[in-house]
Amino acid sequence: MESSSNAKATTRGPSSNQTVQILATVFFNLIGYFLIGLPLAVFPGIVHNQLGLSAMLAGFLISLQYVGTFATRSTVGRLTDTLGPKWVVLGGLASGVVSGLCILEASTHSSATGILVWLCLSRLFLGAAESGISTGCVTWGIGRVGATHTAEVISWNGVASYGGIASGAPIGVLLSHVHGLAAIGLATTALPLMALGLCMLKKPVPVVRGTPIALHTVLRRMLPFGGGLALGSLGFATIVAFITLYFSSRHWQGAAYALSAFGVAFASVRIFFSGTIRKFGGYRCSLVSFVIEFFGLCMIWLAVAPWMAICGAMLTGFGLSLIFPALCVEALKTVPVSNRGAAIAVYTAFLDVSLGATGPLAGLVIGRFGYASVYLLAALAVACAQLLTWRLSVLAKTRRLPLVIESPAGSAPPAQAVRART
């Protein structure tokens with residue numbers, strides 16, 4: 001009877017109170033990604049049009065954020081495990097404040113060099129802010145509601161990240177029209193400052209003590225899962241970066257509808273279907289998701305009319321949505337809970353690499369084969385991710401994939417508790 005009731009508890013979704021607990025930390029992730037969205041559509045225009053600098057420098061400025069994020073991921077992960085996620089989120093928000101101050105300083109300069117230097121510093125601090133806030137919020141949320149609801153925590157944080165960027169970008173453009181760079185800097189300083197005060201009022205979760213796993217061990221265990229995430233994320237990167245140019249090359253209208261269709265599909269699945277990961281398992285959900293994403297990308301590649309590309313973008317959004325949380329749920333089973341923060345940070349770094357590398361790689365492919373070819377490339381990458389995930393599921397079933405067995409209380413297990421999956 002007891003085992004039966006436990007099984008039912010495992011498959012049941014989070015209660016309304018648990019959802020509130022999740023959203024209480026997701027709020028800070030929303031603020032973090034809103035800050036990321038604010039300058040996204042403004043900075044390239046300032047660098048290229050107002051300062052008269054090259055488009056390459058404008059792109060470099062935007063990419064610096066990913067450099068800051070990637071460079072701080074491992075440190076943030078370790079601090080999450082040793083200090084606790086609340087303090088990492090506070091550090092991320094503080095870094096966001098510094099980013100805003102750098103923008104304000106840039107607005108006081110008249111020389112192109114001075115403005116560019118301060119904007120570059122702002123991007124680096126914003127990248128560090130993203131690393132701290134995103135990793136901390138996910139780990140904090142899991143600590144509040146339990147590892148059983150990991151998929152829901154990750155899903156809601158994903159909705160917050162895309163929603164924050166989507167809402168921040170147009171508001172950033174509006175603020176820049178009102179009072180230029182200074183308005184962006186003021187907003188980027190004030191918002192995380194207010195969030196800092198709210199975050200201080202939140203209760204931290206207990207830090208689970210245990211023997212830290214060496215970083216290279218965490219990296220090795222995350223590598224196959226992160227590799228699948230990186231390959232599967234090419235669909236997102238190619239749609240966001242190139243769908244407008246793809247429509248333009250075909251003399252089509254409606255590229256904005258393709259982006260909207262992708263975003264709505266992505267968010268809808270995250271909100272309404274994240275519980276399927278707990279019900280059917282991360283591997284099954286990933287494998288089905290990859291198939292849907294593959295056909296969506298192929299539909300864009302083979303499109304002969306705008307509606308086909310829009311439908312393909314929607315299908316890609318449906319497929320891509322659960323890949324990050326589904327693979328993450330399985331990846332976290334390979335490390336002790338006391339190393340969860342480091343694992344999430346390393347796992348997410350693969351997404352940073354994927355998004356950062358897609359632009360140059362896709363540019364080479366487009367230059368030789370045209371815009372449509374980049375969606376074939378993304379589809380092939382998704383197919384490789386499908387094979388990799390299938391292989392991982394086979395290893396798990398044949399007991400050749402490491403699994404950490406946690407104690408009932410959720411404390412860190414001893415070294416001998418790491419064994420093959422049963």
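Some observations on this one:
- Residue selected from segment 328-360 under the condition among the charged types (D, E, K, R) and farther than 18 Å from residue 79 by Cβ, by the criterion surrounded by the most Cβ atoms within 10 Å (Cβ to Cβ): 330
- Answer residue from segment 80-112, given it is modelled with pLDDT of 90 or more, farther than 30 Å from residue 337 by Cα and not hydrophobic (A, V, I, L, M, F, W, C) and is nearest to the chain's Cα centre (by Cα) among those: 99
- Options 318, 324: the member that is of a type outside the set (A, V, I, L, M) and without any contact (Cβ under 8 Å) to a residue 60 or more places away in the chain: 318
- The number of residues in segment 276-331 that are outside any helix (DSSP H, G or I), of a type outside the set (A, V, I, L, M) and touching a helix residue (DSSP H, G or I) at 6+ places or on another chain (Cβ under 7 Å) comes to 1.
- Segment 336-370, subset of a type in the set (Val, Ile, Thr) and within 20 Å of the chain's Cα centre (by Cα), residue modelled with the lowest pLDDT: 358
- Out of 110, 99, one residue alone is over 30 Å from residue 205 (Cα atoms) and among the hydroxyl-bearing types (Ser, Thr, Tyr). It is 110.
Residue-wise test of (1) in contact (Cβ under 8 Å) with a residue 40 or more places away in the chain; (2) in a helix (DSSP H, G or I); (3) farther than 19 Å from residue 46 by Cα.
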site: 136; (1), (2), (3): yes, yes, yes
site: 149; (1), (2), (3): yes, yes, yes
site: 153; (1), (2), (3): yes, yes, yes
site: 169; (1), (2), (3): yes, yes, no
site: 209; (1), (2), (3): yes, no, yes
site: 218; (1), (2), (3): yes, yes, yes
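- Within segment 246-275, tally of residues that are surrounded by fewer than 18 Cβ atoms within 10 Å (Cβ to Cβ) and in a helix (DSSP H, G or I): 10
- Segment 269-280, residues that are in contact (Cβ under 8 Å) with a residue 24 or more places away in the chain and of a type outside the set (Lys, Arg): 269, 271, 273, 274, 275, 276, 277
- A count restricted to segment 222-237 and to residues that are surrounded by fewer than 24 Cβ atoms within 10 Å (Cβ to Cβ) and hydrophobic (A, V, I, L, M, F, W, C) stands at 3.
- If only residues of segment 92-115 that are in a helix (DSSP H, G or I) and among the β-branched types (Val, Ile, Thr) are counted, the one that is surrounded by the fewest Cβ atoms within 10 Å (Cβ to Cβ) is 113.
- Residue in segment 106-121 that is nearest to residue 64 (Cα to Cα), counting only those that are touching a residue at least 60 places away in the same chain (Cβ under 8 Å) and touching a helix residue (DSSP H, G or I) at 6+ places or on another chain (Cβ under 6 Å): 119
- Residues of segment 174-193 classified as surrounded by 18 or more Cβ atoms within 10 Å (Cβ to Cβ) and not hydroxyl-bearing (Ser, Thr, Tyr), total: 8
- Set 181, 196, 219: member being modelled with pLDDT under 90 and among the aliphatic types (A, V, I, L, M): 219
The values are calculated or read from the model by the stated rules, or taken from the named source; none is laboratory data. Predicted, not measured: the structure shown is a model, and the values here were computed from it. Here Cβ is always computed from backbone atoms with ideal geometry, including for glycine, and neighbour counts include all displayed protein chains.
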